[in-house]
Each structure stands twice: as structure tokens, then as C-alpha cells.
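*Asks:* So that we are looking at the same thing, I have put the structure below in C-alpha cells.
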Ligand SMILES: [Zn+2]
């Protein structure tokens, strides 16, 4: 018996990833970094959040990946509510690190994150050797320094120094 697969045009087959279930495509764009599940796909340049297109069409827009994955487990996010990160890493899409909060909670989180990011620009004490290896690996795979800095919540120059082996030379 003929299946719908048989009627796919060759052109359609040139986008094999789009025919996969969204959750599978989602997971392919993540990488475990410590406890976090870090998004290695597109990051929204405006806010550093992971961006995901859950539809099967090629579209120019997507939605915040952490909000999408949250809805897969908990159902629709109530209007006006925010999905926040326990781990302070906006690029993290680990379901265990996400929780629902209000706009006020979101603002509080941002302020806290801003503070800790500033503290860290003094050095790279908080980064572990594993993170350093990860940063160099991501860079070798073509990730931009900016994207990596966002993923690890550190300053761009901290990442650049690691990549150029100005710091952490022993790793
Ligand atoms: Zn996380």
C-alpha cells in the first residue's frame, strides 16, 4: 500500500530535518553542559534566549525554546506568565531548570543575573576546566564567541581569552 511518504517530491526531501517530530529536532539543538541543557541552535540576539521553530515549515520566526519545552510538559503557559530559569542561564532549556513566574519575578532574576555576570568579568574563577574545554570545542565547531559567552553567562572577552589560550593555558 502506498503511504504518504511515496508521494513526497524530491524537493521536499531536501529538508529531512523538518520532517522529524519537533521534540527530536529540539533535542538535536541542545548539548549537556554541567546540569544545564544548553541550546546550540539560534539565539535571539535581543535577549539571548534560545529560539525554536516548532512548525514543519521553514519560517523566519520561531518561539522561545524554553517556553516551548515548558509547554510540552506542563501545558499552556497562562497569559502574562513568564518561564524563568533557576540556573540563571538564558540559553538553558533543561525542563528541570524552568519554573513559572510573574513579570516582577522575571525582573528580579534579570537584576540578579546582571550582578553575577559583572562579578565574573573580574576573572574566570567560576568557570571549571570542563567549561573551558566545552568553550574551545564549541568555538572549533563554529559557534561565535558572542553566542558562547551568552551560553555560559560570561563576558565576551573572557571567552576570547580562553579560545586564544591567553587564560587557562594548562587545560
Ligand atoms: Zn540550566
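Laboratory data are not the source of any read-out in this text; all were calculated from the coordinates shown. All values derive from a computational prediction rather than experimental measurement. Please note: Cβ atoms are built from the backbone with ideal geometry, for glycine as well, and neighbour counts cover all protein chains shown.
*Asks:* Normalised by the number of residues in segment 17-120, what is the relative contact order in percent for Cα pairs under 8 Å and 6+ residues apart?
*Replies:* 22
*Asks:* Also, I was wondering about something else. With a/c under 1.5 counting as rounded, go ahead and sort segment 126-171 into rounded, prolate or oblate using the C-alpha gyration tensor (a ≥ b ≥ c being the square roots of the eigenvalues; past the cut-off, prolate if a/b is larger than b/c, else oblate).
*Replies:* It is rounded, given that a/c, with a ≥ b ≥ c, falls under 1.5.
*Asks:* With 5 Å bins from zero, work out the P(r) of segment 17-120 over every alpha carbon pair and list the percent per bin.
*Replies:* Per 5 Å bin, starting at zero, the Cα-Cα P(r) for segment 17-120 comes out as 2, 12, 22, 25, 21, 11, 5, 2, 0 percent.
*Asks:* Once you put a point 7 Å from the Cα of residue 164 and another 7 Å from the Cα of residue 144, both along the Cβ direction, what distance in nm separates them?
*Replies:* 1.8
*Asks:* Oh, and also: Once the piece of chain linking residue 32 and residue 20 is laid out straight, how much longer is it, given 0.36 nm per residue of separation minus the C-alpha distance between them?
*Replies:* Between residue 32 and residue 20, full extension yields 2.2 nm more.
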